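What follows is a short report on a single structure.
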Amino acid sequence: MGTHDSGKHQDVFEQSYTEGVTRALPPPPPRRRRGLNLRTLGDMVSQVAPVGAIALQGCVLTPERAIENGFVIIGEDRTILSVQEKAPQGARIHRTQGVILPGLIDLHGHPEYNVFAPWEPPQAYDNRYQWRTSDIYNKLIRDPQVLLRKTIPGVAARYAEVRALVGGVTAIQGASANYPDPGESLVRNVDLNIFGHSRARSQVDLPSADRPGSAETFKSIVNGIQAREVDAFYLHLAEGRPSDERSWREFDQLVELGGLTSSTVIIHGTALSREHFGRMREAGAKLVWSPQSNLRLYNETTRVKDALELGLPVAIGADWMPSGSTSLLAELRVARRALAQQGLEIAPQQLVRMVTSDAARIAGLDSKLGSLEAGRPADLIVLERRHADAWENVVQADPSWVDLVMIDGDLSYGRVDWLESLAGPGARERLEYVIAWGKEMLLDTSHSVYGTNTPAPTLSKLRADLIGQYPQLGPIFI
């Protein structure tokens, strides 16, 4: 394949794709929920919340077990008061008849690119550097992304957050340094300020001579890890075939740079061997796996069976729309099949943990996210119940099964009848009506820019702006 010209056009793209979040962000300002008292809320703000204390009834999943007829009680302060089997007193019961679990955590993505339709690679590549310099990739992805960033900055990222939200994802990884103000976020961004802190860093590429300052930036991240100022360092590494020397040698470069640490989270690791995974385990590093993207680009994926057998912590990420899955739920099914082909029949409960409790632990956020426990923020989803085994129900689910999404106790997305009941009269007028896979749903896009009275754009406005610049926009409800 040919290569693209390397001018300012390319620089704009490389900045957004490869820079990541490399420095600590200033603490967020106090946030206001309109209609409520001023209080610091970490990183989320919303307008629509349940009226009074509520108890969601259904099959409740904890990391250890499924409570078949359980209750998640959420107080007026939007935190979880308890998870129990007995019907509570003093809380309004909402019977879901579904599966209630923590909001899904996607630890590998590039949200600003999730406006594109899936890309069909014309060949299998040896490593990511091949497709990133191909003419077809430039025409289908790089050029349109540069256009959107120049003409309607921030719109693509917000559209991608809606895509994540309606698929049950309440926290994502992959924000770039050019991401919109975190005060406008619809879902939590683990790279940015989260719960009032900025303790994650991310990079796509290792330092190189053609990226001035990259070595100093990498060193500053390692210094931050050593100073215990960084809980998670997300790094794309060894993304290519195991036979590709350039890919697997990146591991040695990482070690030489002092980057293999207990905070290191390697994304992909497709070219790594069992020996590499053993060294990662010894260092306390972690792995994030995106099998669909690997298989489409390289016809091979990471030997996660080896990683799991060695006890290496593993999470699953959907990557991005060009080559990854349409949702994190879809990625779970690909992961199961890929592991079966490697000779491991994995339990559905373990797969669910890889996008909830295990993912939260890898992100250094397990005291807040990843499980439903008293005192935690009410980040949760409710799925339709279609399978007797609740864990299997999650693995077989797709976004059309999502009946409710709550983030920080707010009603972010859900069935019309449920939100009208939970939020009280007028909920439909305050939320955006959407038809999602044939279901009537309400979506909260009411977040406003902090310090102004400017309302955030609705999904309809986002869609219109994007189509105005890029008519081939990838739909959300597919």
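Which residues, counting only those in the stretch 139-153, are under 22 Å from the mean Cα position of the chain (by Cα) and either without any contact (Cβ under 8 Å) to a residue 40 or more places away in the chain or not assigned by TED's automatic domain parsing to the domain that holds residue 322 (or both)? Hit for the stretch 139-153 is 153, nothing else.
Is it fair to say residue 422 is touching a helix residue (DSSP H, G or I) at 6+ places or on another chain (Cβ under 6 Å) and in a helix (DSSP H, G or I)? When the stated conditions are applied, residue 422 does not pass them. Among the residues in the stretch 251-270, are any touching a residue at least 24 places away in the same chain (Cβ under 8 Å), in contact with a Phe, Trp or Tyr (Cβ under 7 Å, 6 or more places away or on another chain) and farther than 23 Å from residue 317 by Cα? So far as the stretch 251-270 goes, yes, one or more of its residues are touching a residue at least 24 places away in the same chain (Cβ under 8 Å), in contact with a Phe, Trp or Tyr (Cβ under 7 Å, 6 or more places away or on another chain) and farther than 23 Å from residue 317 by Cα. With respect to the conditions (1) more than 30 Å from residue 264 (Cβ to Cβ); (2) assigned by TED's automatic domain parsing to the domain that holds residue 173, residue 110 lacks only one, and its number is (1).
Condition check ((1) under 19 Å from the mean Cα position of the chain (by Cα); (2) more than 17 Å from residue 363 (Cβ to Cβ); (3) not assigned by TED's automatic domain parsing to the domain that holds residue 463; (4) not charged (D, E, K, R)) across all residues:
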residue: 167; (1), (2), (3), (4): yes, yes, yes, yes
residue: 203; (1), (2), (3), (4): yes, no, yes, yes
residue: 211; (1), (2), (3), (4): no, yes, yes, no
residue: 218; (1), (2), (3), (4): no, yes, yes, yes
residue: 233; (1), (2), (3), (4): yes, no, yes, yes
residue: 247; (1), (2), (3), (4): no, yes, yes, yes
residue: 266; (1), (2), (3), (4): yes, no, yes, yes
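Looking at the stretch 217-300, the helices (runs of 4 or more DSSP H) lying wholly inside it that each contain 3 or more residues that are closer than 21 Å to residue 173 by Cα sit at 291-298. Applying the criterion of being under 18 Å from residue 76 (Cβ atoms) and surrounded by fewer than 19 Cβ atoms within 10 Å (Cβ to Cβ) to the residues of the stretch 404-424, the residue that is modelled with the lowest pLDDT is 424. Here residue 363 clears all of (1) more than 24 Å from residue 49 (Cβ to Cβ); (2) in contact (Cβ under 8 Å) with a residue 12 or more places away in the chain; (3) surrounded by fewer than 21 Cβ atoms within 10 Å (Cβ to Cβ) except the condition numbered (3). Of all residues in the stretch 124-142, those being modelled with pLDDT of 95 or more and assigned to a loop (DSSP other than H, G, I, E, B) number 3. Assessment of the stretch 149-168 against the conditions (assigned to a loop (DSSP other than H, G, I, E, B) and in contact with a Gly (Cβ under 6 Å, 6 or more places away or on another chain)) yields no matching residue.
Across the stretch 34-56, the qualifying residues are those that are more than 26 Å from the chain's Cα centre (by Cα) and at pLDDT 80 or above, and the one among them that is surrounded by the most Cβ atoms within 10 Å (Cβ to Cβ) is 54.
If a residue must be part of a loop (DSSP other than H, G, I, E, B) and either touching a strand residue (DSSP E or B) at 6+ places or on another chain (Cβ under 9 Å) or within 26 Å of residue 476 (Cα to Cα) (or both), how many such residues does the stretch 348-370 contain?
Residues that pass the stated criteria total 9.
Given 373, 392, which one is without any contact (Cβ under 8 Å) to a residue 60 or more places away in the chain and either assigned to a strand (DSSP E or B) or surrounded by fewer than 23 Cβ atoms within 10 Å (Cβ to Cβ) (or both)?
Numbers: 373 fails: without any contact (Cβ under 8 Å) to a residue 60 or more places away in the chain.
Exactly one of 373, 392 is without any contact (Cβ under 8 Å) to a residue 60 or more places away in the chain and either assigned to a strand (DSSP E or B) or surrounded by fewer than 23 Cβ atoms within 10 Å (Cβ to Cβ) (or both), namely 392.
Within the stretch 197-213, identify whether any single residue is of a type outside the set (Ser, Thr, Tyr) and in contact with a Pro (Cβ under 7 Å, 6 or more places away or on another chain), and answer yes or no.
Here is the first cut: in the stretch 197-213, the residues of a type outside the set (Ser, Thr, Tyr) are 197, 199-201, 203-207, 209-213.
Filter once more, keeping what is in contact with a Pro (Cβ under 7 Å, 6 or more places away or on another chain): none.
Scanning the stretch 197-213 turns up no residue that is of a type outside the set (Ser, Thr, Tyr) and in contact with a Pro (Cβ under 7 Å, 6 or more places away or on another chain).
Quick check, is residue 174 closer than 25 Å to residue 101 by Cα and either modelled with pLDDT under 95 or charged (D, E, K, R) (or both)? Yes, satisfied.
The values are calculated or read from the model by the stated rules, or taken from the named source; none is laboratory data. Because the structure is a prediction, the values reported are computed rather than measured. A quick note on method: Cβ atoms are made from the backbone with ideal geometry, for glycine too, and the neighbour counts reach across all protein chains shown.
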